[in-house]
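Notes follow the structure.
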Amino acid sequence: MKSKLEVCVDSLESACNAVSAGADRLEVCANLVIGGTTPGVTQFKQIRRSCQVPLHVLIRPRFGDFLYTDSEFELIAEDVSLFRRLGADGVVVGCLTAGGDLDLSRLSIVRDRGAGIHMTLHRAFDMCKDPYQALEEAIQTGVDTILTSGQRETCQEGKEVLKKLNRQAAGRLEIMAGGGVNASVLESLIRELANVSFHMSGKQRRSSGMIYRNEQVHMGLPGLSEYEIYYTESEQIRKARQVMDAWEKGTEKY
């Protein structure tokens, strides 16, 4: 069975690193350090020109919950149409109601706007109140992939829910495990879970090239330094790919 490794990237450098190390597919976003938001058009075009793998675009207008105002949802719907025209192979979306259910009417609109391309329901799924009901509703809406950590902080912690979701899905859509994925986690999870699709970012920090630094001014979220840059490290992706390739070959040699 062919395994699949999707890598979430928010820069051209990270995208190229991921593809060179063996990523099968990219989720393109901006601001990965806060969970990801919709990328810029030029960023997407740069990655489209440079990376010959499927590109799925995260459509998320802001940081925070998945309960969107009408104007925010208008952004989502228009961006799905936009990136479809620009050549995206898929979109990654999610909308919830205040009560914690999937917002099926809005997801149906998004499915229509993205007709002909892949649709992933992102980890808004992990914030819904009943994942098993949401799975059936996602299938009925036309979702192709659910990205999930099993409703826990990491997919390692949520592996029992992931097992149940895989059994329930029974091949009707793809269950992609994400949240805390790296090579060491994969060595156990790829054997325990029925699915063979995984999502990771391989984030690494490096220090800014700034020599002068004003430490008295903070520009973003508390705890995030302006002088640290996050990027996808090739080696982390390469090690994960090696684990998955070894599993496919049925060997314990990594």
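Of note:
- Residue check, Glu187 over 13 Å from the mean Cα position of the chain (by Cα), open to solvent by 50 Å² or more (accessible area, probe 1.4 Å) and more than 18 Å from Ser3 (Cβ to Cβ): no
- Considering residues of region 37-77 that are among the charged types (D, E, K, R) and free of Cβ contacts under 8 Å to residues at least 12 places away in the same chain only, the residue least open to solvent (accessible area, probe 1.4 Å): Glu72
- Qualifying residue in region 92-102 (condition: open to solvent by 10 Å² or more (accessible area, probe 1.4 Å), under 30 Å from Glu157 (Cβ atoms) and either among the β-branched types (Val, Ile, Thr) or touching a Pro at 6+ places or on another chain (Cβ under 9 Å) (or both)): yes
- Residue, modelled with the lowest pLDDT, within region 173-203, restricted to residues that are of a type in the set (S, T, N, Q) and in contact with a strand residue (DSSP E or B) (Cβ under 6 Å, 6 or more places away or on another chain): Asn195
- Residues in region 205-254 that are open to solvent by less than 70 Å² (accessible area, probe 1.4 Å), in a strand (DSSP E or B) and among the polar types (S, T, N, Q): 1 in all.
- Counting the residues of region 103-123 that are in contact with a Lys or Arg (Cβ under 9 Å, 6 or more places away or on another chain) and surrounded by 20 or more Cβ atoms within 10 Å (Cβ to Cβ) gives 4.
- Boolean, Leu96 is of a type outside the set (S, T, N, Q) and farther than 20 Å from Cys29 by Cβ: no
- Scanning region 119-133 for residues that are farther than 24 Å from Arg84 by Cβ, without any contact (Cβ under 8 Å) to a residue 60 or more places away in the chain and in a helix (DSSP H, G or I) returns Asp126, Pro131, Tyr132, Gln133.
- Taking each residue of region 138-154 that is under 16 Å from Gly35 (Cβ atoms) and looking for partners that are open to solvent by 40 Å² or more (accessible area, probe 1.4 Å) and of a type in the set (Lys, Arg) with beta-carbon atoms closer than 7 Å, six or more apart or interchain, yields Leu147/Arg123; Thr148/Arg123; Ser149/Arg123.
- Every condition in (1) closer than 24 Å to Ser14 by Cα; (2) without any contact (Cβ under 8 Å) to a residue 40 or more places away in the chain is met by Asn166 except one, and the failing one is (1).
- Residues being touching a Lys or Arg at 6+ places or on another chain (Cβ under 6 Å) and part of a loop (DSSP other than H, G, I, E, B) - total across region 151-192: 1
- In a residue-by-residue description of region 213-221, the property of being farther than 20 Å from Glu248 by Cβ, in contact (Cβ under 8 Å) with a residue 12 or more places away in the chain and touching a helix residue (DSSP H, G or I) at 6+ places or on another chain (Cβ under 6 Å) applies to no position.
- Hits in region 142-177 (condition: surrounded by fewer than 23 Cβ atoms within 10 Å (Cβ to Cβ), within 26 Å of Asp89 (Cα to Cα) and not polar (S, T, N, Q)): Gly142, Asp144, Ala169, Ala170, Gly171, Arg172, Leu173, Glu174
The values are calculated or read from the model by the stated rules, or taken from the named source; none is laboratory data. Remember, predicted model here, so these are calculated numbers, not experimental data. Don't worry about glycine lacking a Cβ; one is built from the backbone with ideal geometry, like all the others, and counts go over all protein chains shown. Surface areas here come from the heavy atoms of the whole protein model, side chains and all, with no ligands, DNA or RNA. Shrake-Rupley method; radii C 1.70, N 1.55, O 1.52, S 1.80 Å.
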